[in-house]
Amino acid sequence: MILVKQVGVYVNILNCRLKKYLAEVFKKNNVNLTGEQYLVMDALWNEGTLTQQAIAFIIQKDKNSVTQFIDNLEKKGLVTRSVSKDDRRVNNIVVTKEGMALKDSTKQLAIDTMNKAIDGISEDDLNTFVSVLKKVCGNISDFGTKIG
């Protein structure tokens with residue numbers, strides 16, 4: 001297989017397998033979140049209250065997908081929407097008490113999952129891998145915005 005094709009294939013496989021693996025770990029541990037919902041919650045846990053637009057930028061998903069993620073998180077009682085005092089068109093997303101209760105155990109599950117995925121890979125190799133991924137992301141930055 002051509003090297004450039006292998007890059008695309010393996011990046012896609014990695015993405016799919018990580019999502020599936022994380023979903024299995026969450027299900028096994030009674031965490032009712034998808035991988036994408038976890039990304040939203042993690043952004044909120046890290047940053048505090050955010051707009052839907054800010055969440056979309058952080059997790060690199062389109063606004064419509066983020067709206068669906070937030071709708072589902074709201075149904076689960078993990079977040080609420082609060083209309084911005086400055087602009088009624090803007091929704092601020094706030095983590096509820098129930099959502100905060102998931103933070104530590106869920107983050108640890110995600111960290112443990114990633115640690116298993118990278119088991120046996122040296123820190124130097126991981127640093128190189130991250131560096132290469134950042135360069136690729138920079139090369140294909142969306143509308144001039146860069147990731148990382």
| task | Past 32 Å, Cα to Cα, is the threshold; run Lys97/Lys135; Lys20/Lys103; Lys5/Lys63; Lys19/Lys85 against it and keep the listed order. | result | Lys97/Lys135; Lys19/Lys85
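Please sort by residue number the chymotrypsin sites (Phe, Trp or Tyr not before Pro) in segment 48-148 whose DSSP state is loop and whose Cβ has at most 11 other Cβ atoms within 10 Å.
Counting only loop positions with at most 11 other Cβ atoms within 10 Å, the chymotrypsin sites (Phe, Trp or Tyr not before Pro) in segment 48-148 are Phe143.
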| From the coordinates shown, P(r) over Cα pairs in 10 Å bins from 0, in percent corresponds to which of [x] 12, 46, 38, 4; [y] 10, 28, 22, 14, 13, 9, 4, 0; [z] 10, 33, 35, 18, 4, 0 | [z]
| task | Go through Val79, Ala101, Gly8 and say which Cα lies farthest out towards the positive end of the charge dipole of the chain; charges sit on Cβ, +1 for Lys and Arg, -1 for Asp and Glu. | result | Val79
| query | Which three extents, in whole angstrom, do the alpha-carbon atoms of segment 32-108 cover along their principal axes, largest first? | reply | 35, 24, 22
| remark: Hits for the chain under the membrane-span-like helix rule (DSSP H, Cα axial span at least 27 Å, Kyte-Doolittle mean at least -1.0) are 3-28
| To the nearest 500 deg cm²/dmol, what mean residue ellipticity at 222 nm is calculated for the chain from DSSP H runs of n ≥ 4 alone, each contributing -39,500 (n - 2.57), summed and divided by the residues? | -21000 deg cm²/dmol
| note | If R0 = 35 Å, then Leu3 and Lys107, at their Cβ-Cβ distance, give a FRET efficiency to the nearest 0.05 of 0.45
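Taking the Cβ of Thr96 as the center, what net charge do the other residues with Cβ under 13 Å away carry, scoring Lys and Arg +1 and Asp and Glu -1?
Details: positive: Lys75, Lys76, Arg81, Lys97, Lys103; negative: Glu74, Glu98.
Net of charged neighbours comes to +3.
Values quoted throughout were computed directly from the atomic coordinates according to the rules given, and no laboratory measurement underlies them. Quick caveat, the model's predicted, so the values are computed rather than measured. Note that we place each Cβ from the backbone using ideal geometry, even for glycine, and neighbour counts take in every protein chain shown.
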